[in-house]
Amino acid sequence: MKNIENVSRRDFLKLSGISATAFMLGVNLPLSKVQAEEVGNHELNFFVSLDSNGDVTLVCHRSEMGQGIRTSVPQIIADELEADWNKISVVQAKADRKYGSQGTAGSASIRNYFTTIRQTGAVARDMLEQAAANIWQVDKSAVQAKQHYIHHKTTGQKIGFGELAKHAAKLTPPDPKTIKLKANTDFSLIGKDVKQVDLDNIVEGKAQYAQDIQLDNMLIASIQRPPVVGGKVKSFDATEAKKVKGVVDVIQLKERPFPVNVMPLSGIAVVATNTWAAIEGRKKLLIQWDHGNKQVHNSESFKKELITKVNQPGNAVNSKGDVYAHKYNPQNTLEATYTVPYINHAPMETPAATAMIQGDKCTIWAGTQNPQWAQGMVAQELGLKREDAHKVELNVTLMGGAFGRKSKGDFIIEAVELAKATGRPIKVIWSREDDIKHGFYHSSAANYFKAEILDNGKVDNLISRNAYPPIGWLFNDKTKTPSDSQLSLGFTDLPFDLNTLSYENHEVDSFVRPGWVRSVACINNGFALGSFVDELAVKAQVPPRKMWLDLIGSDRVVDPTENGFKYSNYNLDPKAHPIDTKRIKHIINLISDKANVEHKLPQGQGWGISFLRSFGSFVAAATKVEVKDKKVTVLEMHTAVDCGIVVTPDRVKAQMEGAMIFGLSIALMGEITVDKGIVEQSNFHDYPVTRINQVPKLFVHLVDSDAPPGGIGEPGVPPVAPSITNAIYHASKTRIRDLPVNKVFQV
């Protein structure tokens, strides 16, 4: 953090919409180099304010999509401030580059800002203490903040925060680096469950999501998009569509060239005065498409190509020793290839955005994980200069789930294009079919492993390869390999004690839009790794727990850069979030003991375990299944997580439970197939997600830790699928190497 400034009397108050404020702090959050050059070095963003009634208002610059960030960030500040939680309210920030990164992704919101936001609360507390000390004419060391009051340690007198606000407003904030933060043992709110700030509005149906926006004179748009990525409209007939009562117009969206970026796919939009008319009018469109060159794509033959690739040497991205000079003993060597299909995010609330253009100003309402990115895209769409991006006001609504889908702003640009064309406010709504058929998908992927079990029982000479369409293709359609950051997700950062290894990748073309689905490449890398370790254990005839612990070896910190690889995992600081094998072994022992996975089960039942460290957290999963008459029933699921300091235990548990259910969907049923470039699924009947009757008993085991907070939104997913398929093997002796499970068993 560069600076905290008292901005109580600045025009900043008008911009924030907060009134009756007596005391306000502005904060410089870390900016990227580009952002710093654009907004200057003294722009203030994140802030805390206190009014004369003692009410505290905090701005949340991240997006809420159910993970509870609008609760956890204020909770951290309030703890250092010594504020009464009942007097805290939260304002959602609009898109503004002054906030630094507003991209809510990579499980980074708490991990990257924990110390900064603690300092914000601590500085405010210090200023209130100084104000009270001034009134009592004593040294500041004679006073102490406690529960919204400043107490005089000797006399027992106390003054409320509200009364002190006007006095603190006259003070100059201290350097945050000089303020001592609380000891972890003194936390009063961090580590405690507090009521979610949005809970009442959500329960009472008052919370506003993107689909809820209503404006005067607003039109609704439903869009028929090209069935194949890169396709174009050859011709269309809107005669019958325009006869539907309520339909106002039929508009062809502009064609957009490769690379597709996160822009719209073009298409034909039916705009109407109501949702029913827009959808009914769309049904009556007659469209002739030019499918383009991506129509050659077939996901089944594509999978075979990926398997062929990973069974051949690839481009070594991280290696140690020479695995190809080693002569493997076939009796002790295990090879296996694992595949996952395309996967859709499928958030419960489908994408939606509303745009209104008045003069040279554009106002947006959208549930977006990356409001600044969307703001910049809109400005470009409207032909605004970069410095005029502030003319695009982007209001961030709640989201009914996102899982990475709503980091892309294509649906927002659609609304802007149509608002510009009609001159009226437009809300673009995506149906479930739109979401399933025109999404950004987790890439279909193949992973290969080979390793040898030596005579002393130690595993070595590991070859690990993967092949999948990289997300970078969105921005450069010549890109065929993942970035170092993607390769750092459970592929090149394995915590194993090996003398000889080779991590290799292959070039792959892209045919559908790849995207960041919750946990990203950790899904396929985690499934392959967790499955292979279990297979090694079976071959070595040892319990899976012992195989994991033997592979990990001694207590140490693993350096994924020691062989020259450029490790980069969503801005993880390796010093704050080391690959600590002691913590890994503890989490594997914890899940094994808590779930009692080595307890003998009846015939037809089995336990499976797995582990993956990702986004700075250590997560292990254990699943018990029953396999009977070719049907798999998941009986029990456990997750053990070491994510460092836990801010809100209930939210962490909820994220872990959600991750188990998300992983259950992927493992059992999650598959998008493509033929002739067209996605074959269309709704939950053929792209099912976990139903209530499929959800077993769920258990979450949190590790008590003083380590810096790790990520939570994504790390719970990767170990789930292999824990399920490993359990299926131990129940039935059928090994699932190709997800999902319902290709082999009923689920």
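The values are calculated or read from the model by the stated rules, or taken from the named source; none is laboratory data. Keep in mind the model is a prediction, meaning the values are calculated, not measured. We place every Cβ from the backbone using ideal geometry, glycine too, and count neighbours over all the protein chains shown. Each accessible area value is taken on the protein alone, full model and side chains, heavy atoms only, with ligands, DNA and RNA left out. Shrake-Rupley method; radii C 1.70, N 1.55, O 1.52, S 1.80 Å.
Per-structure values
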read-out: Percent of Cα pairs exceeding the 18 Å cut-off, where the set is the stretch 424-499; value: 62
read-out: Length-normalised contact order for the chain - Cα pairs under 8 Å, 6+ apart - percent; value: 13
read-out: Selection of chymotrypsin sites (Phe, Trp or Tyr not before Pro), the stretch 443-506, meeting DSSP coil and at most 14 other Cβ within 10 Å; value: F475
read-out: Percent antiparallel among DSSP beta bridges (both partners in the stretch 428-537, rounded to 5); value: 55
read-out: Cα point-scatterer Debye curve for the chain, base-10 log of I(q)/I(0) at q = 0.09, 0.11, 0.12 Å⁻¹; value: -0.87, -1.22, -1.37
read-out: Over 19 Å (Cα to Cα) - which of K232/K254; K585/K697; K309/K450; K385/K478; K180/K653 fall in this group; value: K585/K697; K385/K478; K180/K653
read-out: Within the accessible area of the chain (1.4 Å probe), percent carbon and sulfur; value: 48
read-out: Beta bridges by DSSP in the chain, antiparallel share as percent, to the nearest 5; value: 75
read-out: Alpha carbon centroid spacing (whole Å) that separates the stretch 111-177 from the stretch 419-494; value: 48
read-out: Residue-level accessible surface for T368, protein heavy atoms, 1.4 Å, Å²; value: 0
read-out: Alpha-carbon centroid distance for the pair the stretch 203-257 / the stretch 510-549, whole angstrom; value: 41
read-out: Additional length obtainable on full extension of the chain from D629 to N332, 0.36 nm per residue less Cα span; value: 103.6 nm
read-out: Loop sites in the stretch 357-408: trypsin sites (Lys or Arg not before Pro), DSSP, at most 14 other Cβ within 10 Å; value: K385
read-out: Extended-chain gain in nm, criterion 0.36 nm per residue less alpha-carbon gap, K153 and I279; value: 38.6 nm
read-out: Extension reserve of the A325-Q358 stretch, reckoned as 0.36 nm per residue once the Cα distance is removed; value: 5.0 nm
read-out: Selection from N329, P514, N563 lying farthest towards where the dipole of the chain points positive, charges on Cβ; value: P514
read-out: Nearest-10 value in Å² for the accessible area of V674, using the 1.4 Å probe; value: 0
read-out: Those residues of the stretch 70-100 whose amide nitrogen sits under 18 Å from the label point placed on N201, 7 Å along Cα→Cβ; value: 70-75, 86-95
read-out: Solvent-accessible heavy-atom area per residue, rounded to whole Å², over the chain at 1.4 Å; value: 39
read-out: Residue (of I736, M656, A667) at the positive-pole extreme of the stretch 650-747, dipole from beta-carbon charges; value: I736
read-out: Label-point separation, L286 to E255 (7 Å along Cα→Cβ), nm; value: 2.2
read-out: Label point distance in nm, K575-E433, each placed 7 Å from Cα along Cα→Cβ; value: 5.6
read-out: Approximate spin-label separation V557-L702, in nm, with each point projected 7 Å along Cα-to-Cβ; value: 2.6
read-out: Hull shadow area, averaged, the stretch 160-251 [alpha-carbon convex hull, nm²]; value: 15.8
